[in-house]
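One structure is given below, encoded as structure tokens.
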């Protein structure tokens, strides 16, 4: 039937429903399993082939040699586009993605992080 | 009083009615639009040039970021061209997953458009509900690919992420909910008087004009032009999936709305078919880093229309040339025609009805001013030094620009 106010019933019914939005940050959503968040690095697996550096579309990751067969991964979180190509390029599975998304910082220098510091914990806390 | 055009109204480059920078200069007589001058070039990002300086695998992510809505359209179109040059046989399972993501993207794009169209005609209730339901498909995309936008599912030679039985169940469940909601929207669009009255007869593009102006996508299909790359030149898995090309004979914005909501119903059927007939096997073939010399053109039916990519390879790790033609560029000429002799108040909905994506379509334009004697053609080196000089006069030092750029990109 052609008439105005077609959506009124829907609107009225919605009054009694709970909101469709979430009260972030009080209420946090679960990230999907395949989510690509902040990287974690396993220094023991890295062989320093630098394929991740070569393939990174934004030049965000740098692998530095810090000793004999010892490597450090430095990521600029501000440059990273979270495509996880480095994870796919890595032959030794030295890089992994996490569901950590809360990476905001007030100081842009703090965005450049060495992944070795947190290599044991999967998710590190953002700066307070 | 003036006897010709009374006045000119510039709409854009920055204007509340437009979501992206684009200039429409409307010549008005009273409320009537006598002529439209459309000018592109306000959001040119130089992506085609940037592609030439990156490797193929980096380009997939760069190309994906041409558009935030049809990101899968651009990346698939690009990888199809590269795969054709390299002669890669993409596994069937990968093609089905690409098709699946493509249709999910179409659903999200069309629901987004329905909301935007509602907003442009002052029917914000439709905007709120359409976008609420769009969250269902966004969650499914995040589940399937890992992200709500810029899915990153494509790679040269296949897809990066497989789907499992649990995910298939979740997608099917979401499709049932969305189908039910879409039936409701079809009912709203075809029965709500305010929508019909506001959209019918607005932005008319006749069948002949649609053909003449080379309109693409839902804009053309609403003028009964049965043009759809998915059926005309099947890519991915579309050759194996039965579906109908939706057309409409209203020729106006109302017809475009009907085409889009009906295409949603087709998308659910395509997704169900693809999930039911998902072939087993690998999802990726190994692609060489160096793509052999050659060139290819790839076509893809994006939610907004036909998307064309051209890639030329020269045997190195980087492409020699990448060319992108987003669907909005094909439709923008039609907008000019649709606005002529219509009212100023119709402008925002007529522009919104082609589902424009100005940043995707934007390109460097040169304006030839034949009256100006100072017009001259300068080469790349000259424009480079001109740019440095222009900024130096304003106190910005860019003389070491190339060096700084090399440092920023690291020693790759």
Problem - So residue A:32, is it crowded, with 17+ Cβ neighbours inside 10 Å, modelled with pLDDT under 90 and either facing another protein chain (nearest Cβ under 8 Å) or assigned to a loop (DSSP other than H, G, I, E, B) (or both) - result: yes
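What about residue B:235, is it in a loop (DSSP other than H, G, I, E, B) and over 30 Å from residue B:33 (Cα atoms)? Full working, then the answer.
Working: in a loop (DSSP other than H, G, I, E, B): yes; over 30 Å from residue B:33 (Cα atoms): yes.
Criteria met by residue B:235.
Take residue B:247 and tell me if it is assigned by TED's automatic domain parsing to the domain that holds residue B:114, touching a helix residue (DSSP H, G or I) at 6+ places or on another chain (Cβ under 6 Å) and free of Cβ contacts under 8 Å to residues at least 40 places away in the same chain. Full working, then the answer.
Numbers: assigned by TED's automatic domain parsing to the domain that holds residue B:114: yes; touching a helix residue (DSSP H, G or I) at 6+ places or on another chain (Cβ under 6 Å): yes; free of Cβ contacts under 8 Å to residues at least 40 places away in the same chain: yes.
In short, yes.
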Completion exercise
Reported set for the range A:1-20 where residues are facing chain B (nearest Cβ under 9 Å) and under 30 Å from the mean Cα position of the chain (by Cα) is A:20
Practice task
Evaluate the following for residue B:78: is it within 14 Å of chain A (Cβ to nearest Cβ) and buried (at least 23 other Cβ atoms within 10 Å of the Cβ)?
Solution key: yes
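I'd like to check something: does the range A:84-94 contain any residue that is away from chain B (no Cβ under 13 Å), under 20 Å from residue B:147 (Cα atoms) and either touching a strand residue (DSSP E or B) at 6+ places or on another chain (Cβ under 8 Å) or part of a loop (DSSP other than H, G, I, E, B) (or both)?
No, the range A:84-94 contains no residue that is away from chain B (no Cβ under 13 Å), under 20 Å from residue B:147 (Cα atoms) and either touching a strand residue (DSSP E or B) at 6+ places or on another chain (Cβ under 8 Å) or part of a loop (DSSP other than H, G, I, E, B) (or both).
May I ask you to list the residues in the range B:307-316 that are closer than 20 Å to residue B:99 by Cβ and either surrounded by fewer than 24 Cβ atoms within 10 Å (Cβ to Cβ) or free of Cβ contacts under 8 Å to residues at least 60 places away in the same chain (or both)? Show your work before the answer.
Restricting attention to the range B:307-316, the residues satisfying the condition of being closer than 20 Å to residue B:99 by Cβ are B:307-309.
Matches in the range B:307-316: B:308 only.
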Completion exercise
In the set B:100, B:114, B:104, the lone residue that is touching a helix residue (DSSP H, G or I) at 6+ places or on another chain (Cβ under 9 Å) and within 13 Å of chain A (Cβ to nearest Cβ) is B:114
Exercise for the section: Tell me which residues, restricted to the range A:60-75, are within 11 Å of another protein chain (Cβ to nearest Cβ) and surrounded by 17 or more Cβ atoms within 10 Å (Cβ to Cβ). Expected result: A:60, A:61, A:62, A:63
Practice task
Scan the range A:38-52 and give yes if some residue there is under 19 Å from residue A:117 (Cα atoms), under 13 Å from the mean Cα position of the chain (by Cα), surrounded by 14 or more Cβ atoms within 10 Å (Cβ to Cβ) and within 14 Å of another protein chain (Cβ to nearest Cβ), otherwise no.
Solution key: yes
Completion exercise
Taking the range A:96-126 and keeping only residues that are within 12 Å of the chain's Cα centre (by Cα) and either at pLDDT 50 or above or not in a loop (DSSP other than H, G, I, E, B) (or both), one is left with A:96, A:97, A:98, A:99, A:100, A:101, A:102, A:103, A:104
Handout entry: The listed residue being within 25 Å of residue B:111 (Cα to Cα) and over 20 Å from the mean Cα position of the chain (by Cα), out of B:10, B:16
Key = B:16
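Please enumerate the residues belonging to the range B:110-126 that are assigned to a helix (DSSP H, G or I) and within 16 Å of residue B:256 (Cβ to Cβ).
Filtering the range B:110-126 for residues assigned to a helix (DSSP H, G or I) gives B:110-120, B:124-126.
Residues satisfying the conditions are B:110, B:111, B:112, B:113, B:114, B:115, B:116, B:117, B:118, B:119, B:120, B:126.
For (1) more than 24 Å from residue A:87 (Cα to Cα); (2) under 13 Å from the mean Cα position of the chain (by Cα); (3) at pLDDT 95 or above, each residue gets a yes or a no:
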residue: B:46; (1), (2), (3): yes, no, no
residue: B:49; (1), (2), (3): yes, no, no
residue: B:58; (1), (2), (3): no, no, no
residue: B:73; (1), (2), (3): no, yes, no
residue: B:117; (1), (2), (3): yes, no, no
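Does residue A:84 meet the test of being within 29 Å of residue B:65 (Cα to Cα) and in contact with a helix residue (DSSP H, G or I) (Cβ under 9 Å, 6 or more places away or on another chain)? Can you show your working first?
Working: within 29 Å of residue B:65 (Cα to Cα): yes; in contact with a helix residue (DSSP H, G or I) (Cβ under 9 Å, 6 or more places away or on another chain): no.
It is false that residue A:84 is within 29 Å of residue B:65 (Cα to Cα) and in contact with a helix residue (DSSP H, G or I) (Cβ under 9 Å, 6 or more places away or on another chain).
The values are calculated or read from the model by the stated rules, or taken from the named source; none is laboratory data. This one's a predicted model, so the numbers in the text were calculated from it and none came from an experiment. In this analysis, Cβ positions are derived from the backbone assuming ideal geometry, glycine residues included, and neighbour counts consider all displayed protein chains.
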